[in-house]
Amino acid sequence: MVNDHTNNKDSFYHRFFDKLRSSSEFFYSIGAVLLALLIGAVIICLIGSDPIKAYKALYRGSFGTTNAIAETLLRAMPLALVGLGATVAFRASVFNVGTEGQLFIGATAAACVALALPDLPRYLLLPLMALAAMGAGALLGGLAIFLKIKFNANEMINTIMMNYVVIYFVSWLVHGPIQQPGSPLGQTEKFSVNGIIPVILKRTRLHAGIIVLLILVIITYFLLEKTVWGYQIKVTGKNMLASKAAGIKVKRIFYSAMFFSGALAGLAGMFEASGIQNRMIENISSGYGYTGIVVALLGQLNPIGVLLAAILFGALQVGASSMETMVGIPSSAVSMIQYLIVIIFIGKNAFPRLWKRFHTSKDKRA
Amino acid sequence: MSKKSILFIICLVVTLTVVAIPAMAADDLKVAMILSGPINDDDFNSVGYNGLKKACEELGVEYAYIESVPDADAERIIREYVANGYGLIFAHSFSFGEAASKVAADFPEVIFMNAGTPPVENPNLGTYDNPDYQGAYLAGMLAAGISKSGSIGWVDGIASPNMVANFQSYRDGAEEMNPEIEVLHTFIGSWYDPPKAKEAAIAQVEKGADVLSSQGVGVIDAAIEKNVWAIGAMTDQNFMGPNVVLTSVMWDLYPCVKRVVQEVLDGTWTNTNRSYGIADGSVYFSDFHGLDSNIPAEVMEKVNQKYEDIKSGKFVVPHDTSDIE
Amino acid sequence: MDNTTNTRQDNKAEARLIMEGITVNYGDFVANDNVNLVVYPGQIKALLGENGAGKTTLMKVLAGLLHPEGGRIIVDGQEVSIDSPQDSQRLGIGMVHQHFMLIPKLTVAQNICIGLKSTGYPFPDVRKVEEELSELSEQYNLLVDPKAIVSTLSIGTQQRVEILKALYRGAKILILDEPTSILTPQETAGLFDIIHFLTKRGNSVIFISHKLNEVMEISDRITVLRQGHVTAELAKQETTERQLAILMVGREFQTEKHLKPVPENAKELVCLDNITYIDHRKVSVLNGINLTVKAGEIHSIAGVDGNGQVELASILSGLLHQTKGKFTLNGKDLSKASPKERLQAGLAHIPSDRHKYGMILDLSMEDNFIIEGSEREPVSHRGILQKDAITSFSENLVKDYDIRCKSVKQKASTLSGGNQQKLVLARELSRNPIFVLAMQPAHGLDVGATEFVHKKLIEQRNAGSAVLLISTELDEVFDLSDRISVIYEGRILATIKREEATRENIGLLMTGKTNG
């Protein structure tokens, strides 16, 4: 009888091939980006512009100067935070599409704290704002799970609906109770200096949030890969029934995953309000909550992948306006490229099949 | 996993160190303008773009612009222009004021101009406004002069100080022409929302207004539909309704841009507020496209007389930004 | 071993299907290694092998779901390339899967129209299809009403619908994948009649099975697969069940079991008192189940599928709440306990549908081993997983339960069915449970794995656990039980001691017939 139990040699090879496979996944992501850029180049040609010039501008606008790098990272911040949260929720098979609303409510909560306690020292005020933002985002997320468990309301639908409710509610707030006196705009008063996250790179806007983000990437990675909680999230997400049968408290897992997801989206809102706008404004997010979800998927629900995907999207978005100003290509072309990346990436399994079909049909014709 | 993170760190470090050579300004002055809407809006943004283009081409200065910038993106884009060596930057929307002020504090060597109210702190941030309230006064006189119903309207976006002043002048002018006149006004709460603007304009017509001052896209449509007069704003908007747009109160930014650029080149620039109105040739009525035959001669004469008085300084249009009662 | 043994080599030109040197690799695992298969018109060919021997892989090649790395396929004398299920269908190959591909809410005719453009597209001419189907059904003695709604049909009839579907699509080679695993003995006999009928009309049948007696009964020739190789190609007359078993598993296995009787005064560990369940449609699925299981006893619940067994198992494991009734384990009332509390009280659950309730295919074996114990030391310490402890824990289980794998890091989905079940057993039994709830524990397993599962259940019994075995297989019930209860329409009709039970009376009770 053949004994094919593990021995050291086998498991070494196995691990090696596993690594190779996961890194080929990584290279596939890069391939998707390159292919999308190529298709984008064709589109740019069709518009009648020079793609090389356009991509040079894109690069210059996203990484070409210190300021460009700072702006890229700034844009990546909310995307990465939302993406990290979404990663945790998606791993638990909780489809949190409410990140946009959670971001808005988080920003608003942080603003309320900043406006109510402007004289608190910075080292107290900023953490307090962060707590408020995360708490508000988490509660809003938790509400979706509550509705799911109590009334069997699909969380994907109820989070989308809640986005509308929250965004209109916040719009009312900034035009009403917390509006800056005398301003016609939907915005609050500027925060006091203590309520603004300090800039860490001179003559740019890059603020200390980037450090918090990097720490959170590591923490999220650790939580997901090394802790019982992360393990139970993974297991519940893959097979809820088997997990339930195995005694895992799946409701608790759903709640905690959603709390985490909502909290990070809320924190993204606080970063935008405090770090960038220095106040709460009506249009605090231009769809970061939604783009962050896409970033989570592109990052393959892996915290480090999410960070890279967020930087990529941040660079594309920031570079797009350079392309627009310098070469005159509408920034919508870049939005197209962004979503082409996602489509190519998500559709990756279809390509080998299409390829094969194409070849067999050619064979048959021959 | 570790492979990925190492790769990432390498990428980051390489980009940060290799490429981060600051691109400082060349000897030549480059001018940029950031606009909140499209340059072909035949309104505020067209005015900005046209003034920039004409002035810079005349002076032979390199210029760039970016349209339709949301407020939340303004600061990033201003910084980008600075990073790319632009020495004079027009933030052509009063809502960009704060962004301009923040960047100005970081880059004292760059000069900023903002379409808004004067700043307090930045020595390198000047402002300019559009004293079209002067024109609005004349428009009010004209509107009241041709109104048969004794009621005229004003449809506007957001009740910003500038727009409030504009409306106050419009009403004052109208009342000078006809003390009995009824002046309706609506602020639709958005700078750009054609259906809403049109709806508000129609509501005013239905209340009796037969001359509308159009301060936003959609009003002229309503005027065409209801066949009442409209007075355009900012650019010659007659083409939008050749039979109903009597004239437009023009605002021309060219004199202002030209003088600012020249001062920067000469090194004589200071952070004063520029308010170039009728006296500077920045505010005037556009061509009537033959519709002036509909204006009673004595009305036309009164309006022309007022224009001359304002130009010569004999009459000063009151600038009233207090709340509309 | 000589793989090309073929006594009818001389007239290969008449063969309906020849597969030659088929090789399929999954990564570095060889699922089919140079496999040959020849089928003639009117022949019943059995494909015999343990789970994981490569039978399904070979058939996936024929169905166009897999492309082999090597080898060629010849159908009716023409070399072909099967790249899609459509190609396979066009070549006259029809497959009846173990799990039916039918939509319960539609009629038979509607089901058959799905995906068949020739019946009219996009609106099929269902009436015409119905007529043609009745004709076909009559012709082959299938007794299927094309207008019947699928969900109202018995399992046996649904299987005939699948056969009808294949025939309607012009199948000349019919592949039946483990067709008897879900049938009652009577239904099996009916299926065999149909198979004979089909082959008499010139169709070929490939009969995939691991049940030796059935293979011996139905087939003309038998191809035996083991670990991806053909170990023999024989005519039925040339062989015996015993020889086939050895060819299939590579060793002799023993079936004798030594059971000491359960002492009369053994403690009643498990008590079910009046367990009643009324489902959301207000249908009463369980009607007052009363049952005990003693320490050191295997108590079987026999019955035909769908008489409340699934619900009973779900209630006992805590996934479903009974409408009323009480469940105590070792004196502890668990009627309202969570799954976790039940596990802690000493329950082990071996579910019938292991993919749904017992394991997570997409995760590694390690992850599957710790699913219940992730919060316990030494698997985790203060909420942090201890990778080394998990690996050594997993490797011990792999060794103890003889699970065939390359590494404990490999995904559970890459294991064969038998090894997957061993994984579940290893996890459940390693916790030293006092109550083992096993439902169809040998479902879909081959002879070797079935024997292993049974051995482990007996070990548990002998160690003093209470074992409740819910099964539809009479062989299993008679092999293992100390007592047998028969469930019918949510009621226990009788509880009989093993020594007093006969296949006849249990079989009658399973169909609801009480004496008198």
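Just name the residue that is least open to solvent (accessible area, probe 1.4 Å) out of those in region B:279-308 that are aliphatic (A, V, I, L, M) and in contact with a strand residue (DSSP E or B) (Cβ under 7 Å, 6 or more places away or on another chain). Filtering region B:279-308 for residues that are aliphatic (A, V, I, L, M) and in contact with a strand residue (DSSP E or B) (Cβ under 7 Å, 6 or more places away or on another chain), the one least open to solvent (accessible area, probe 1.4 Å) comes out as B:Val283. From the list A:Gly262, A:Gly230, A:Gly247, A:Gly237, the one residue that fits, being more than 7 Å from chain C (Cβ to nearest Cβ), farther than 20 Å from A:Lys148 by Cα and not polar (S, T, N, Q), is A:Gly230. Among the residues of this structure, C:Ile298 counts as one that is surrounded by 14 or more Cβ atoms within 10 Å (Cβ to Cβ) and either in the same structural domain as C:Ile492 (by TED's automatic domain parsing) or modelled with pLDDT of 90 or more (or both). Hey, does region C:139-147 have a residue that's at pLDDT 80 or above, surrounded by 16 or more Cβ atoms within 10 Å (Cβ to Cβ) and part of a helix (DSSP H, G or I)? Looking through region C:139-147, none of the residues is at pLDDT 80 or above, surrounded by 16 or more Cβ atoms within 10 Å (Cβ to Cβ) and part of a helix (DSSP H, G or I).
Report yes if some residue within region B:58-69 is among the polar types (S, T, N, Q), within 12 Å of another protein chain (Cβ to nearest Cβ), under 30 Å from A:Thr188 (Cα atoms) and assigned to a helix (DSSP H, G or I); otherwise report no. The answer is no, given that none of the residues of region B:58-69 is among the polar types (S, T, N, Q), within 12 Å of another protein chain (Cβ to nearest Cβ), under 30 Å from A:Thr188 (Cα atoms) and assigned to a helix (DSSP H, G or I).
Taking region B:83-98 as the range and being open to solvent by 10 Å² or more (accessible area, probe 1.4 Å), out of contact with any Gly (no Cβ under 9 Å at 6 or more places or on another chain) and either hydroxyl-bearing (Ser, Thr, Tyr) or within 14 Å of chain A (Cβ to nearest Cβ) (or both) as the test, the residues that pass are B:Tyr86, B:Glu98. A:Gln300 passes every criterion in (1) more than 9 Å from every other protein chain (Cβ to nearest Cβ); (2) assigned to a helix (DSSP H, G or I); (3) surrounded by fewer than 24 Cβ atoms within 10 Å (Cβ to Cβ) apart from (2).
Residue-level analysis places C:Arg404 outside the set of residues that are over 23 Å from C:Val453 (Cβ atoms), of a type outside the set (Gly, Ala, Ser) and open to solvent by 10 Å² or more (accessible area, probe 1.4 Å). Tallying residues that are open to solvent by less than 10 Å² (accessible area, probe 1.4 Å), of a type outside the set (S, T, N, Q) and either assigned to a helix (DSSP H, G or I) or touching a Leu at 6+ places or on another chain (Cβ under 9 Å) (or both) within region B:120-151 yields 10.
Filtering B:Leu291, B:Leu253, B:Leu265, B:Leu246 for residues that are of a type in the set (A, V, I, L, M, F, W, C) and touching a Gly at 6+ places or on another chain (Cβ under 8 Å) leaves a single hit, B:Leu253.
Looking at region A:303-339, which of its residues are crowded, with 22+ Cβ neighbours inside 10 Å and more than 28 Å from B:Ser36 (Cβ to Cβ)? Once the filter is applied, which keeps residues that are crowded, with 22+ Cβ neighbours inside 10 Å and more than 28 Å from B:Ser36 (Cβ to Cβ), region A:303-339 yields A:Pro303, A:Gly305, A:Val306, A:Leu307, A:Leu308, A:Ala309, A:Ile311, A:Leu312.
Among the residues of region C:228-251, those that are among the acidic types (Asp, Glu) and in a helix (DSSP H, G or I) comprise C:Glu238, C:Glu241. Out of C:Glu311, C:Glu341, which single residue is outside any loop (DSSP other than H, G, I, E, B), within 13 Å of chain A (Cβ to nearest Cβ) and at pLDDT below 95? Just a single option satisfies the conditions, and that option is C:Glu341. Specify the residue that is surrounded by the fewest Cβ atoms within 10 Å (Cβ to Cβ); the eligible residues are those in region A:274-290 that are more than 11 Å from every other protein chain (Cβ to nearest Cβ) and under 24 Å from A:Ile200 (Cβ atoms). Top of the filtered list is A:Gly275. Scan region C:204-227 for residues that are touching a helix residue (DSSP H, G or I) at 6+ places or on another chain (Cβ under 8 Å) and not in a helix (DSSP H, G or I) and the total you get is 13. Taking helices (runs of 4 or more DSSP H) as the structural unit, those lying wholly within region A:208-269 and holding at least 3 residues that are more than 16 Å from C:Ile384 (Cα to Cα) and open to solvent by 20 Å² or more (accessible area, probe 1.4 Å) correspond to A:209-226, A:240-245. Considering region C:344-367, the residues that are among the charged types (D, E, K, R) and surrounded by fewer than 21 Cβ atoms within 10 Å (Cβ to Cβ) include one that is farthest from the other protein chains (Cβ to nearest Cβ), namely C:Asp353. Scanning region C:314-338 for residues that are assigned to a strand (DSSP E or B) and either buried (at least 17 other Cβ atoms within 10 Å of the Cβ) or at the interface with chain A (Cβ under 8 Å from one of its Cβ atoms) (or both) turns up C:Gly325, C:Phe327, C:Thr328, C:Leu329.
Only one of the numbered conditions (1) within 20 Å of the chain's Cα centre (by Cα); (2) modelled with pLDDT of 85 or more; (3) surrounded by fewer than 17 Cβ atoms within 10 Å (Cβ to Cβ) is not met by C:Arg201, and that is (1).
Within the bounds of region A:160-173, is there any residue that is more than 20 Å from A:Ala273 (Cα to Cα), assigned to a helix (DSSP H, G or I) and without any contact (Cβ under 8 Å) to a residue 24 or more places away in the chain? Yes - at least one qualifying residue is present in region A:160-173.
Taken over region C:368-382, the criterion of being open to solvent by 30 Å² or more (accessible area, probe 1.4 Å) and more than 7 Å from every other protein chain (Cβ to nearest Cβ) is satisfied by C:Arg376, C:Glu377, C:Pro378, C:His381, C:Arg382. So for region C:67-89 (the condition being surrounded by 22 or more Cβ atoms within 10 Å (Cβ to Cβ), assigned by TED's automatic domain parsing to the domain that holds C:Glu241, free of Cβ contacts under 8 Å to residues at least 24 places away in the same chain and over 20 Å from the mean Cα position of the chain (by Cα)), does at least one residue qualify? Scanning region C:67-89 turns up at least one residue that is surrounded by 22 or more Cβ atoms within 10 Å (Cβ to Cβ), assigned by TED's automatic domain parsing to the domain that holds C:Glu241, free of Cβ contacts under 8 Å to residues at least 24 places away in the same chain and over 20 Å from the mean Cα position of the chain (by Cα).
In region B:223-238, which residue that is without any contact (Cβ under 8 Å) to a residue 40 or more places away in the chain and not basic (Lys, Arg) is nearest to B:Trp251 (Cα to Cα)? Looking at the filtered set, the residue picked out is B:Ala230. Name the single residue, out of those in region C:320-337 being within 19 Å of C:Ile470 (Cα to Cα) and in contact with a helix residue (DSSP H, G or I) (Cβ under 6 Å, 6 or more places away or on another chain), that is modelled with the lowest pLDDT. Ranking the candidates gives C:Leu320 first.
The values are calculated or read from the model by the stated rules, or taken from the named source; none is laboratory data. None of the values given here were measured: they were computed from a predicted structure. When we count neighbours, we look across all protein chains shown, and the Cβ atoms used for this are built from the backbone with ideal geometry, even at glycine. Accessible surface areas use protein heavy atoms only, side chains included; no ligands, DNA or RNA. Shrake-Rupley method; radii C 1.70, N 1.55, O 1.52, S 1.80 Å.
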